[in-house]
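Working notes, beginning with the structure itself.
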Amino acid sequence: METLNVKVISPQDLLFFGKALSVSSKNSSGNFDVLPQHTSFLTIIQKSPIVIKPVDGKKITFTFSVSVMYVADNNVTIYAQPEAVNL
């Protein structure tokens, strides 16, 4: 089973680090899903839920006022503003 290495960080803390099957959210162009072998991708996400589906199947949702998601080589890094809200 192919997976993504996902890291969610804020200036103060590492909020999530682990393997996932997918990451989903919404940017200014609409909804999107990141799956293993996704092409390189950079986007800004504003006030939209970011849903991480870890390999155990239990979804984890984060919502930030603004964040930047960078995807490359099966690695997803989400840089979040300090006023993050975890739902």
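Can you name the residue in the stretch 10-31 that is closer than 15 Å to residue 63 by Cα and surrounded by 14 or more Cβ atoms within 10 Å (Cβ to Cβ) and, of all such residues, is modelled with the lowest pLDDT? The qualifying residue modelled with the lowest pLDDT is 10. Tell me which residues, restricted to the stretch 3-54, are closer than 14 Å to residue 74 by Cα, outside any strand (DSSP E or B) and touching a Lys or Arg at 6+ places or on another chain (Cβ under 8 Å). Passing the criteria: only 3. For the stretch 50-65, a residue qualifies if it is of a type in the set (S, T, N, Q) and either loosely packed, with under 12 Cβ neighbours inside 10 Å or more than 15 Å from residue 34 (Cα to Cα) (or both), and the qualifying residues are 63, 65.
The values are calculated or read from the model by the stated rules, or taken from the named source; none is laboratory data. All figures in this text were calculated on a predicted structure; none of them were measured in a lab. Glycine gets a Cβ as well: all are built from the backbone with ideal geometry, and neighbour counts include every protein chain shown.
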